[in-house]
Each structure stands twice: as structure tokens, then as C-alpha cells.
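Since the structure comes first, as C-alpha cells, the remarks are kept for the end.
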Amino acid sequence: MNFLNNLVGQANILLWGYILIALLIGLGLYFTIGSKFVQIRYIGEMFRILKDKNTITQKGEKQISSLQAFFIGAATRIGTGNVAGVAMAIALGGPGAVFWMWVVAVLGGASAFIESTLAQIYKVPDKVGFKGGPGYYMKKQLGKKWMSTIFAVTIIASFGLTFNAVQSNTIAEAFNSSFGINGAVVGIVLAILAAIIIFGGVKRIANFSSVIVPIMAFFYIFLALYVSITNITEIPAVIGLIVKSAFGLEQAVGGGIGTVIMMGVKRGLFSNEAGIGSAPVAAATASVSHPVKQGFVQALGVFFDTILVCSATAFIILLSDSYGSGLEGIALTQAAMGEHFGSWAGIFLSFAILTFAFSSIIGSYYYGEANIGFINSSKTALLVYRLLVLGMIVFGSVASLQIVWDLADLAMAFMALTNLIAIGILGRIAFKALDNYMQQRKAGQDPVFYADDIEGLKGIEAWPKSEQEKKHIS
């Protein structure tokens, strides 16, 4: 077991410490410049699109809206990474890690736009609407079925299995600390609740996420705002500490500036998922008139996750005396909450973790389900996958936190590497889609996309080739 732990640890150091950080930041800069700072220039457009109504099929059925797809993506983004992950980054990398999380969010907004726009372009009709993601644009446009299979295996291993073990582990730890409940009991209850939802299909996932995510995010951010307002005179000093520590101007961690950057980038990516290929799976489910609309929505999701929710946790910790106490992860956040709000904070955070992490379990499950067809499309394979998910939820509730986090990081690293190569090659297609969208907006139109709008597209199934074809179909 020690050999396995060391092997996984060394692989993570190589992938996350060097290869992926360089690739993610490099491509983030390329996408930012190539799209002319899409994640900053069009924030107003992002919020406008969230108001788009559900599309109704000819049978009178509602499709997944942009807002619902946004919440499916948010359900997986907002979870353990926002509460325990941020605390871990601060404990191991110092306050400066928060700055690098912000940098990753800004650059990641462009990467999220690219991958989600591509997911929309290459999505395919499904029984209840649409499905898609990196596996589809790898297979269709690049013609690399083997690449799609690798991505499918890695996203199932990471989101469907190991990530869910991390989430259930955190829930179990929080409830054991607050109420003394055995981890196995927590895991079994979580598995039963998850089974009720995941056997109900993607619409039930969307409905669950669209209700629970706004509620949990609102209350968590509300508490952070309360902490910030009641300590308003200390905010400038905290921001100064974050910036100084980010560049090594104030020693806050034994490993130096390299550790600060690595922890900030690594935990920022774990939280907002920009560029790693998971959010596009949710983006593809939306029924919109133009692929760029969902690209905008998912870019907004990165800011929502990191700039708001992760920063909320950071301020709660850094405005307390718990920072520097030696605590890590969820224990650090619980201690800081206790300082600000009293003894009831531990109980509140246990239920907050339950909602944050459980919604992540549901969203992560769907990411795996949407890609299992690249491996085996039989009903038996889907059933086996569902049972494995439920088994990993129980396993995570009783396993060591270190091993489940390390395995999750390793699976995500291979998944991200596969997706980043693909979107690096296909990014120009998303640039053209953005130009097409903005030309229509400037003409005062609600943008509509046709496959012939971009030359050289392959395997398009969900979009008519031209306006004439659309009229003929309808």
C-alpha cells in the first residue's frame, strides 16, 4: 500500500507540478488572446443569456435550459473543493494561493468558453434532449475514437468514482465530528439518496441541481459577506496579505513561492474545472439557439465558483485566528466558522457540506453516464456503472482522505491532459463561432447557428446545415 501511495504521489507531482500547470496556463492565455478576452468583455451577455427560456419540443416537452445546464455544471464545481480544498490550499500554500486561484479563474474562463462551445457544436440528440462533451468532438472532428475512449475512461474514473469518494469522505468526516455518526452509516444513507436521483435520469438531475445549488450558494456567500462586513476594516490588510504572499514578498509557507503557485493552481482547477473537460458534458445538454450561448454560461460558472464561493471560504479563514493553527481541510474551515458564528457553526457547516458535496455527487455521476457509451453502450454497462458509483460513495465514507484525494487528482490529470490537447487543436472553431454570434448580435438578432456557418465541420447532428434545411425539417 505504501508503494502505491508513493507511486500515485510522484505521478501527481510530475503531472500537476509541471506539465498540467504549464499547459493549462499556456492554453488559457492562448484562448484569452484568441477570443479577444471573451471572459471579460462579454460578462453582461453571459447574464442576459441566463434568462433564456426552456425550449419546447414538437411533442410539447421541455428541454434542458441554459440555466439548468449551468446548475448541473455548478453542482459539480461547488463542493468539497470550495470548502475543504480552499482551506487545504491556504494551510499548505499560504494566503498567496488564493491569488493564484483567482488567476486560474480569469484564464480558465476562456478555456471553459472554448470547451463548452465545442461541446454544443458537436452534441447529439438523446432520448431526453441532448448529450455531448469532449468525447464527441474528439471522435467527430478529430476522428480519434481511441482518444474519446481514453477520455471516457478517465472521466468515469475521476468524476464518477474517485471524486464521489472524496465528496462522501468529507460529508462523513463533518457529520462524525459534529454528531459522532459512524462513517459507514453516512455512506449508506448517501448511496440510497443518490440512487433515487441517478436512476431518475438527467432531467431529475437538472431539477435537483437547479433547486439545491442556488440555496446552498446563497447562504454560504451570505455568511461570508456577513464576516466581511463585520470585519470591513481588516479587508484591505487581508487582500494585501494575499497579494504579497502570492509573489513571495511575505513568507507564509515553508515551500516558498513554488508551493504557493502550485497549491493555488491545483486547488483552483480542482474547484472550477476549467479546461479539464467535465463542464462541457453539462453544457452539451442545454437546448440553445447558438453554441456560443452555452459557452458564455459555462465561462460565467468559473467566476461564480472561484471568485465568489472560493473567495468566500478564503475570507472566512483569513479573517479568523484559526489560520496558522496547524489545522487543514474541513477542520480549518469549521474552526474559522466557529470563531465567527459560535458553536452552532460546526453543525451548520456539516449540513452545508452535505448540500455542497451531495450536489457534486449527482452532477459527477452524470458526467460519467454521458461518456460510458464510448466504452460500452449496453444497459448492463450502465447498471454496472451506477452500482460502482454507489459503491464508491460508501467506500469514500470509510476510506482514508489522503488516498481518495490522491487517486482523484491522478485520474483528473489524465482526463485534463486528453481534453487540453483536443481543445488546443480545435480552439479556432470556437473562435469562428464567437465571431458568427457577435455579427448577429450587432445586427440586432437573437443569434441562430447553422452547421454551414463554419466551414469544415464534421459529424454535426444537432444543428441544421442551413436556414432552408431548418424550414424543411419543421
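The values are calculated or read from the model by the stated rules, or taken from the named source; none is laboratory data. Everything numeric here is computed off the predicted structure, so don't read it as measured data. Ideal geometry is used to build each Cβ from the backbone, glycine not excepted, and the neighbour counts take in all protein chains shown. Ligands, DNA and RNA are excluded from the accessible area calculation, which covers all protein heavy atoms including side chains. Shrake-Rupley method; radii C 1.70, N 1.55, O 1.52, S 1.80 Å.
For the list (1) at pLDDT 95 or above; (2) over 18 Å from Gly133 (Cα atoms); (3) open to solvent by 30 Å² or more (accessible area, probe 1.4 Å); (4) of a type in the set (A, V, I, L, M, F, W, C), I need the number of the one condition that Leu434 fails.
The number of the failed condition is (3).
Under 6 Å by Cβ, and 6 or more places apart or on different chains, what pairs join a residue from the stretch 428-450 that is assigned to a helix (DSSP H, G or I) with one that is at pLDDT 95 or above and among the charged types (D, E, K, R)?
That search, which allows pairs on different chains as well, returns nothing.
Would you say Arg386 is in a helix (DSSP H, G or I) and farther than 30 Å from Phe175 by Cα?
Values: in a helix (DSSP H, G or I): yes; farther than 30 Å from Phe175 by Cα: no.
The answer is no for Arg386.
Are any residues in the stretch 414-428 surrounded by fewer than 22 Cβ atoms within 10 Å (Cβ to Cβ) and among the hydrophobic types (A, V, I, L, M, F, W, C), and if so, which ones?
Phe414, Leu417, Ile421, Ile425, Leu426 - these are the residues of the stretch 414-428 that are surrounded by fewer than 22 Cβ atoms within 10 Å (Cβ to Cβ) and among the hydrophobic types (A, V, I, L, M, F, W, C).
Return yes when Ala165 is within 19 Å of the chain's Cα centre (by Cα), of a type outside the set (Phe, Trp, Tyr), at pLDDT 85 or above and buried (at least 24 other Cβ atoms within 10 Å of the Cβ) and no when it is not. Walk me through how you get there before you give the answer.
Details: within 19 Å of the chain's Cα centre (by Cα): yes; of a type outside the set (Phe, Trp, Tyr): yes; at pLDDT 85 or above: yes; buried (at least 24 other Cβ atoms within 10 Å of the Cβ): yes.
Yes.
Could you go through the stretch 359-370 and let me know if any residue there is assigned to a helix (DSSP H, G or I), among the acidic types (Asp, Glu), within 23 Å of Lys140 (Cα to Cα) and in contact with a Lys or Arg (Cβ under 9 Å, 6 or more places away or on another chain).
Kept after step one, since they are assigned to a helix (DSSP H, G or I), are these residues of the stretch 359-370: 359-369.
Keeping just the survivors that are among the acidic types (Asp, Glu) gives 369.
Filter once more, keeping what is within 23 Å of Lys140 (Cα to Cα): 369.
Subset that is in contact with a Lys or Arg (Cβ under 9 Å, 6 or more places away or on another chain): 369.
Scanning the stretch 359-370 turns up at least one residue that is assigned to a helix (DSSP H, G or I), among the acidic types (Asp, Glu), within 23 Å of Lys140 (Cα to Cα) and in contact with a Lys or Arg (Cβ under 9 Å, 6 or more places away or on another chain).
How many residues does the stretch 311-331 hold that are assigned to a helix (DSSP H, G or I), of a type in the set (A, V, I, L, M, F, W, C) and modelled with pLDDT under 85?
Residues that pass the stated criteria total 3.
What is the number of the single condition among (1) at negative phi; (2) not in a helix (DSSP H, G or I) that Gly459 does not meet?
Evaluating Gly459 over (1) at negative phi; (2) not in a helix (DSSP H, G or I) leaves (1) as the failure.
Here is a list of conditions, (1) open to solvent by 10 Å² or more (accessible area, probe 1.4 Å); (2) under 15 Å from Gly26 (Cα atoms), and Phe99 meets all of them except one; can you say which number that is?
Every condition holds for Phe99 apart from (2).
Go through Val394, Val398, Val384 for me and flag whichever is out of contact with any Pro (no Cβ under 6 Å at 6 or more places or on another chain), crowded, with 17+ Cβ neighbours inside 10 Å, at pLDDT 85 or above and over 30 Å from Val227 (Cβ atoms). Reasoning before the result, please.
Values: Val398 fails: crowded, with 17+ Cβ neighbours inside 10 Å; Val384 fails: crowded, with 17+ Cβ neighbours inside 10 Å.
After applying the criteria, what remains is Val394.
Have a look at Ile33, Ile25, Ile43, Ile21 and point out the one that is modelled with pLDDT of 80 or more, open to solvent by 10 Å² or more (accessible area, probe 1.4 Å) and touching a Leu at 6+ places or on another chain (Cβ under 7 Å).
Details: Ile33 fails: touching a Leu at 6+ places or on another chain (Cβ under 7 Å); Ile43 fails: touching a Leu at 6+ places or on another chain (Cβ under 7 Å); Ile21 fails: touching a Leu at 6+ places or on another chain (Cβ under 7 Å).
That would be Ile25, the only listed residue that is modelled with pLDDT of 80 or more, open to solvent by 10 Å² or more (accessible area, probe 1.4 Å) and touching a Leu at 6+ places or on another chain (Cβ under 7 Å).
Which residue out of Ala84, Ala112, Ala69 is buried (at least 24 other Cβ atoms within 10 Å of the Cβ), modelled with pLDDT under 90, within 14 Å of the chain's Cα centre (by Cα) and not in a strand (DSSP E or B)? Full working, then the answer.
Values: Ala84 fails: within 14 Å of the chain's Cα centre (by Cα); Ala112 fails: modelled with pLDDT under 90.
On inspection, the qualifying residue turns out to be Ala69.
Could you list, in sequence order, the residues of the stretch 190-228 that are modelled with pLDDT of 85 or more and buried (at least 17 other Cβ atoms within 10 Å of the Cβ)?
Hits for the stretch 190-228 are Leu190, Ala191, Ala194, Val227.
Criterion first (within 27 Å of Ala112 (Cβ to Cβ), within 27 Å of the chain's Cα centre (by Cα) and surrounded by fewer than 24 Cβ atoms within 10 Å (Cβ to Cβ)) does Ser311 satisfy it? Can you show your working first?
Working: within 27 Å of Ala112 (Cβ to Cβ): yes; within 27 Å of the chain's Cα centre (by Cα): yes; surrounded by fewer than 24 Cβ atoms within 10 Å (Cβ to Cβ): yes.
Against the criterion (within 27 Å of Ala112 (Cβ to Cβ), within 27 Å of the chain's Cα centre (by Cα) and surrounded by fewer than 24 Cβ atoms within 10 Å (Cβ to Cβ)), Ser311 qualifies.
Restricting attention to the stretch 49-65, and to residues there that are loosely packed, with under 13 Cβ neighbours inside 10 Å and of a type outside the set (Asp, Glu), which single residue is modelled with the highest pLDDT?
Narrowing the stretch 49-65 to residues loosely packed, with under 13 Cβ neighbours inside 10 Å: 51, 53, 56-61.
Going one step further and asking which of them are of a type outside the set (Asp, Glu), we end up with 51, 53, 56-60.
Working: Lys51: 74, Lys53: 64, Ile56: 40, Thr57: 44, Gln58: 41, Lys59: 48, Gly60: 43.
Ranking the qualifying residues of the stretch 49-65, first place goes to Lys51.
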